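Engineer: Can you read through this structure? Questions will come right after.
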Amino acid sequence: MIKTIISESLPVYEKLLVRKKIISGATGNKRVCIVTGTHGDELEGQYVCYELNRLLQENIDNLKGSVEIYPALNPLGVDSVKRGFPAFDLDMNRIFPGDSHGHLIEYMASRIMDDLVGADMVIDIHSSNIFLREMPQVRVNVDMAPVLVPYARLLNTDFIWVHDAATVLEATLAHSLNVLNTKTLVVEMGVGMRITREYGDRLVTGIFNLLSNLGMWDGEVPDSIVNPMLSTDGEVHFLNAEASGVIIPAVSHSMCVLKGDLLCQIVDPLQGTVLHNVVSPVDGVVFTLRSYPIVYEGSLIARIFSQKKE
Amino acid sequence: MEREIIFRLKSPYRDEFQVQGFRFGKGEKSVAIVGSIRGDEVQQQFICSQIVKNLIEIEAKGGIKPGHEILVIPSVNHFSMNINKRFWAMDNTDINRMFPGYDKGETTQRIAYAVFEEVRKYKYGIQLASFYLPGEFIPHVRMMNTGYQDTELASYFGMPYVMVREPKPYDTALLNYNLQIFNTQAFSIYAGTTDTIHKPSAKIAWLSVLRFLSKMDIIDYNCHSGYNSSVISDDHQVTVKATCGGILYNMSRANDEIKEGDLLAKILDPYTGETLCNIVSPSNGTLFFSYQKPLISEHTVLYKIITQ
């Protein structure tokens, strides 16, 4: 069943529609929600929604309870290649829990919250932006880690990043739901404006693993679920550009690197010179790598996770 | 006056990006004034340019009081202004959501850090700010309720209103919020418009800044005392939203006195021209904000009415 949760008139004969697909088994009361498309340029979740939708419908007898799929919380952005909510100046993932008496987007956020609150689990799928490629990972606010990390381990990702509680992140969908005791996991993977099928397939497997763990799925789940690295077992290092120029990469995403390895060069094509050799400060895994070649001083180039040595 | 570069950044192919500051007087760091932080804040940049122009004249006449230093930063983001973008030219991030900044972080965090490290040294911080919705305001001073705000000081601008509002989580990265947290008395001046220059409201804004400097005994400047400001909060306002989408036939402007039941606007069918809905005032009051685009979506904030 497809249900429209938001229908608002745009100026000229068009409705702004936010819709979800509800797939229900014959028995069971639990509800898991898959949401994506808050940022219109993050498309990795589109494949996950499609594939999960297809597999659930083909194997509906194995489902207990309901899976609800929201492929586009920001439909205008997804359909017009815009990260933000068109004609609005705030990041849509910074206005939650919204305001039922507020402006259109705040009102939308409030309605989305109302629809999701009470679910047994929400998975909010993001895919970085057009500048950075991310290893499949779950991001968890440190305050929520004791509750969420055990579930995050089920999702078949490579990494779980337990990050600090920044005040500004309190306005995200995930935080707003978590403080209302609706458990929400944020998945980051891939790169903006692209679909990485391998990552999508892995997450779909992880979601079935989660459903199985919640007692909502009787079908088979591969036993090849990845045991992810946990950020609290090591340290995350940020590498920012120290020169403005063009990046020539020397390593691939998700590679293990050693301290001193060349990650990339920042070059000046006009002069034909190397401006900066970017080397790894540690032994570790490159879990974030810049994919867009133009950088300014300060642009994020890579994030490396180094595990504590035994 | 001393003109200096507060931050510089090389670009792969564009000219060097520089944030420039204008310092007047010597002594205690009294007031820092920041103009446009977003690329569409043309009104704010214009106002700042007029403040610089006036301060140059005042300084030439010996009108900067001894022992006071004033810093004016007219533009923090002309890299975006020059290419008609509101946010940072490269990655579309908002510098005004990066404070207090981080000198080893992303580009816009570094810009924010450089500006903040200068401005936070001053006793008072004034930002020429803009609203996230397209429209016009009654010029006013805005502060966030951080517990550190001083509305009596804000009344020295002589603006009709001092607006105090509750901060939301995403406000914690704004310049104004961080200045208050770091012990600089911070004021945001809303000067009517953003991406167009409206000289009457711009003049109200730049005169209000000069009035504040005069009342704080920082400059010698003769001007009328301005308004006896009313302090308002969200509780004193009623929001009127569009009940349908269409062509907005707006019959009301900011500063209009209205009565309950007055017809404020019509929203028209964009094909047939028939009236789809009438927007009627729910109360007596003054229009504080009026949306000013010709097309409107359902649930858009059309007006804010001060009801006190």
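Engineer: Answer yes or no as to whether residue B:148 is in a helix (DSSP H, G or I), touching a helix residue (DSSP H, G or I) at 6+ places or on another chain (Cβ under 6 Å), in the same structural domain as residue B:96 (by TED's automatic domain parsing) and at pLDDT below 95.
Structural biologist: Details: in a helix (DSSP H, G or I): no; touching a helix residue (DSSP H, G or I) at 6+ places or on another chain (Cβ under 6 Å): yes; in the same structural domain as residue B:96 (by TED's automatic domain parsing): yes; at pLDDT below 95: yes.
Considered against the rule, which asks whether it is in a helix (DSSP H, G or I), touching a helix residue (DSSP H, G or I) at 6+ places or on another chain (Cβ under 6 Å), in the same structural domain as residue B:96 (by TED's automatic domain parsing) and at pLDDT below 95, residue B:148 comes out as no.
Engineer: Surrounded by 20 or more Cβ atoms within 10 Å (Cβ to Cβ), among the aliphatic types (A, V, I, L, M) and assigned to a loop (DSSP other than H, G, I, E, B): is that true of residue A:73 in this structure? Spell out how you get there, then give the answer.
Structural biologist: Numbers: surrounded by 20 or more Cβ atoms within 10 Å (Cβ to Cβ): yes; among the aliphatic types (A, V, I, L, M): yes; assigned to a loop (DSSP other than H, G, I, E, B): yes.
Judged against the criteria, residue A:73 is a match.
Engineer: How many residues are assigned to a strand (DSSP E or B), away from every other protein chain (no Cβ under 14 Å) and either more than 30 Å from residue A:245 (Cα to Cα) or polar (S, T, N, Q) (or both) if we restrict to the range B:1-21? Full working, then the answer.
Structural biologist: Here is the first cut: in the range B:1-21, the residues assigned to a strand (DSSP E or B) are B:2-9, B:17-21.
Pick out the ones that are also away from every other protein chain (no Cβ under 14 Å) and you get B:2-6, B:20-21.
Filter once more, so that each one left must be either more than 30 Å from residue A:245 (Cα to Cα) or polar (S, T, N, Q) (or both): B:2, B:20.
Total satisfying the criteria: 2.
Engineer: How about the range B:280-308: which of its residues are away from chain A (no Cβ under 14 Å), crowded, with 18+ Cβ neighbours inside 10 Å and over 24 Å from the mean Cα position of the chain (by Cα)?
Structural biologist: Once the filter is applied, which keeps residues that are away from chain A (no Cβ under 14 Å), crowded, with 18+ Cβ neighbours inside 10 Å and over 24 Å from the mean Cα position of the chain (by Cα), the range B:280-308 yields only B:281.
Engineer: While we're here: In the range B:136-170, which residues are of a type in the set (Asp, Glu), out of contact with any His (no Cβ under 8 Å at 6 or more places or on another chain) and within 21 Å of residue B:288 (Cα to Cα)? Reasoning before the result, please.
Structural biologist: Step one: filter the range B:136-170 for residues of a type in the set (Asp, Glu), giving B:136, B:150, B:152, B:166.
With out of contact with any His (no Cβ under 8 Å at 6 or more places or on another chain) added as a condition, the list becomes B:150, B:152, B:166.
Within the range B:136-170, B:152, B:166 meet the criteria.
Engineer: Residues being within 15 Å of residue A:297 (Cα to Cα) and either under 20 Å from the mean Cα position of the chain (by Cα) or away from chain A (no Cβ under 12 Å) (or both): count how many of those fall in the range B:80-94.
Structural biologist: Start the filter on the range B:80-94 by keeping residues that are within 15 Å of residue A:297 (Cα to Cα), which leaves B:88-91, B:93.
Of the ones still in play, those that are also either under 20 Å from the mean Cα position of the chain (by Cα) or away from chain A (no Cβ under 12 Å) (or both) are B:88, B:93.
The total comes to 2.
Engineer: Continuing with this model, one more query. Looking only at the range B:117-156, how many residues end up being within 12 Å of the chain's Cα centre (by Cα) and among the β-branched types (Val, Ile, Thr)?
Structural biologist: The total comes to 3.
Engineer: Residue A:240: within 14 Å of chain B (Cβ to nearest Cβ) and over 18 Å from the mean Cα position of the chain (by Cα), yes or no?
Structural biologist: Values: within 14 Å of chain B (Cβ to nearest Cβ): yes; over 18 Å from the mean Cα position of the chain (by Cα): yes.
Criteria met by residue A:240.
Engineer: Identify, please: which residue in the range A:146-169 is over 16 Å from residue A:214 (Cβ atoms) and not hydrophobic (A, V, I, L, M, F, W, C) and is, among those, surrounded by the fewest Cβ atoms within 10 Å (Cβ to Cβ)?
Structural biologist: In this case the residue turns out to be A:164.
Engineer: Do we have residue B:195 as of a type outside the set (A, V, I, L, M, F, W, C) and surrounded by 17 or more Cβ atoms within 10 Å (Cβ to Cβ) here? Even if it seems obvious, please write down each step before you answer.
Structural biologist: Working: of a type outside the set (A, V, I, L, M, F, W, C): yes; surrounded by 17 or more Cβ atoms within 10 Å (Cβ to Cβ): no.
Against the criterion (of a type outside the set (A, V, I, L, M, F, W, C) and surrounded by 17 or more Cβ atoms within 10 Å (Cβ to Cβ)), residue B:195 does not qualify.
Engineer: Criterion first (modelled with pLDDT of 95 or more, touching a Lys or Arg at 6+ places or on another chain (Cβ under 7 Å) and not in a loop (DSSP other than H, G, I, E, B)) does residue A:208 satisfy it? Reasoning before the result, please.
Structural biologist: Working: modelled with pLDDT of 95 or more: yes; touching a Lys or Arg at 6+ places or on another chain (Cβ under 7 Å): no; not in a loop (DSSP other than H, G, I, E, B): yes.
No, not satisfied.
Engineer: Does residue B:212 fit the bill of being touching a residue at least 40 places away in the same chain (Cβ under 8 Å), touching a helix residue (DSSP H, G or I) at 6+ places or on another chain (Cβ under 6 Å), buried (at least 18 other Cβ atoms within 10 Å of the Cβ) and under 24 Å from residue B:133 (Cα atoms)?
Structural biologist: On the way: touching a residue at least 40 places away in the same chain (Cβ under 8 Å): yes; touching a helix residue (DSSP H, G or I) at 6+ places or on another chain (Cβ under 6 Å): yes; buried (at least 18 other Cβ atoms within 10 Å of the Cβ): yes; under 24 Å from residue B:133 (Cα atoms): no.
So residue B:212 does not fit the description; no.
Engineer: Considering only residues that are β-branched (Val, Ile, Thr) and surrounded by fewer than 18 Cβ atoms within 10 Å (Cβ to Cβ), which ones fall in the range A:131-145?
Structural biologist: Restricting attention to the range A:131-145, the residues satisfying the condition of being β-branched (Val, Ile, Thr) are A:138, A:140, A:142.
Of everything in the range A:131-145, just one residue is β-branched (Val, Ile, Thr) and surrounded by fewer than 18 Cβ atoms within 10 Å (Cβ to Cβ), namely A:142.
Engineer: Sort out for me the strands (runs of 3 or more DSSP E) sitting completely within the range A:92-185 that have 3 or more residues that are of a type in the set (Val, Ile, Thr). Give the steps one after another, and end with the answer.
Structural biologist: Working: elements: A:121-126, A:132-141, A:159-163.
Hits in the range A:92-185: A:121-126.
Engineer: Given the criteria more than 26 Å from residue B:196 (Cβ to Cβ), of a type in the set (Phe, Trp, Tyr) and within 13 Å of another protein chain (Cβ to nearest Cβ), does residue B:113 qualify? Show your work before the answer.
Structural biologist: Values: more than 26 Å from residue B:196 (Cβ to Cβ): yes; of a type in the set (Phe, Trp, Tyr): yes; within 13 Å of another protein chain (Cβ to nearest Cβ): yes.
So residue B:113 fits the description; yes.
Engineer: A follow-up question, please. Name the one entry in A:67, A:18 that is in contact (Cβ under 8 Å) with a residue 40 or more places away in the chain, within 14 Å of chain B (Cβ to nearest Cβ) and within 24 Å of the chain's Cα centre (by Cα).
Structural biologist: Values: A:67 fails: within 14 Å of chain B (Cβ to nearest Cβ).
Every option except A:18 fails the conditions.
Engineer: Continuing with this model, one more query. I'd like the full set of residues that are of a type in the set (Gly, Ala, Ser), away from every other protein chain (no Cβ under 13 Å) and under 19 Å from residue A:35 (Cβ atoms), limited to the range A:117-173. Break it down into steps so the answer makes sense when it comes.
Structural biologist: From the range A:117-173, those of a type in the set (Gly, Ala, Ser) are A:118-119, A:127-128, A:145, A:152, A:165-166, A:171; that's our starting set.
Keeping just the survivors that are away from every other protein chain (no Cβ under 13 Å) gives A:118-119, A:127, A:145, A:152.
Of everything in the range A:117-173, those that are of a type in the set (Gly, Ala, Ser), away from every other protein chain (no Cβ under 13 Å) and under 19 Å from residue A:35 (Cβ atoms) turn out to be A:118, A:119, A:127, A:152.
Engineer: Okay, moving on. Give the residues of the range B:53-110 that are among the charged types (D, E, K, R), closer than 22 Å to residue B:42 by Cα and not in a loop (DSSP other than H, G, I, E, B), sorted by residue number.
Structural biologist: Residues satisfying the conditions are B:53, B:97.
Engineer: Among B:225, B:233, B:188, which is more than 14 Å from chain A (Cβ to nearest Cβ), touching a Gly at 6+ places or on another chain (Cβ under 7 Å) and touching a residue at least 24 places away in the same chain (Cβ under 8 Å)? So that I can check it myself, show each step before the final result.
Structural biologist: Details: B:233 fails: touching a Gly at 6+ places or on another chain (Cβ under 7 Å); B:188 fails: touching a Gly at 6+ places or on another chain (Cβ under 7 Å).
On inspection, the qualifying residue turns out to be B:225.
Engineer: Across the range B:76-123, what is the total count of residues that are aliphatic (A, V, I, L, M), farther than 17 Å from residue B:32 by Cβ and crowded, with 17+ Cβ neighbours inside 10 Å? Before you say what the answer is, go through the steps one by one.
Structural biologist: To start, the set of residues in the range B:76-123 that are aliphatic (A, V, I, L, M) comprises B:76, B:81, B:83, B:89-90, B:95, B:98, B:111-112, B:114-115, B:119.
This time we only want the ones that are farther than 17 Å from residue B:32 by Cβ, so: B:81, B:83, B:89-90, B:98.
Of the ones still in play, those that are also crowded, with 17+ Cβ neighbours inside 10 Å are B:81, B:89-90, B:98.
The number of residues fulfilling the criteria is 4.
Engineer: Oh, and also: From (1) modelled with pLDDT of 95 or more; (2) touching a Phe, Trp or Tyr at 6+ places or on another chain (Cβ under 6 Å), pick out the condition that doesn't hold for residue A:221.
Structural biologist: Among (1) modelled with pLDDT of 95 or more; (2) touching a Phe, Trp or Tyr at 6+ places or on another chain (Cβ under 6 Å), the lone unmet condition for residue A:221 is (1).
Engineer: May I ask you to list pairs of residues, at least six apart or on different chains, whose Cβ atoms are under 7 Å apart, with the first in the range A:284-309 being more than 14 Å from every other protein chain (Cβ to nearest Cβ) and under 22 Å from residue B:88 (Cα atoms) and the second being modelled with pLDDT under 95 and surrounded by fewer than 22 Cβ atoms within 10 Å (Cβ to Cβ)?
Structural biologist: That search, which allows pairs on different chains as well, returns A:289/A:253.
Engineer: State all residues of the range A:227-274 that are free of Cβ contacts under 8 Å to residues at least 12 places away in the same chain and either among the β-branched types (Val, Ile, Thr) or buried (at least 17 other Cβ atoms within 10 Å of the Cβ) (or both); if no residue qualifies, say none.
Structural biologist: Residues satisfying the conditions are A:273, A:274.
Engineer: Could you check how many residues of the range B:157-195 are of a type in the set (Ser, Thr, Tyr) and closer than 12 Å to residue B:231 by Cα? Walk me through it before giving the result.
Structural biologist: Applying the first criterion (of a type in the set (Ser, Thr, Tyr)) to the range B:157-195 yields B:161, B:170, B:172, B:177, B:184, B:188, B:190, B:193-194.
From the residues that got through so far, the ones that are closer than 12 Å to residue B:231 by Cα too are B:161.
So the count comes out to 1.
Engineer: So which strands (runs of 3 or more DSSP E) stay within the range B:197-308 end to end and still have 1 or more residues that are more than 27 Å from residue B:47 (Cα to Cα)? It would help to see each step written out before you state the result.
Structural biologist: Values: elements: B:230-233, B:237-241, B:246-250, B:263-268, B:275-280, B:285-291, B:301-306.
Because the criterion is at least 1 residues that are more than 27 Å from residue B:47 (Cα to Cα), the strands (runs of 3 or more DSSP E) in the range B:197-308 that meet it are B:237-241, B:246-250, B:263-268, B:275-280, B:285-291.
The values are calculated or read from the model by the stated rules, or taken from the named source; none is laboratory data. Computed from a predicted structure; not experimentally measured. Neighbour counts run over all protein chains shown; Cβ positions are idealised from the backbone, glycine included.
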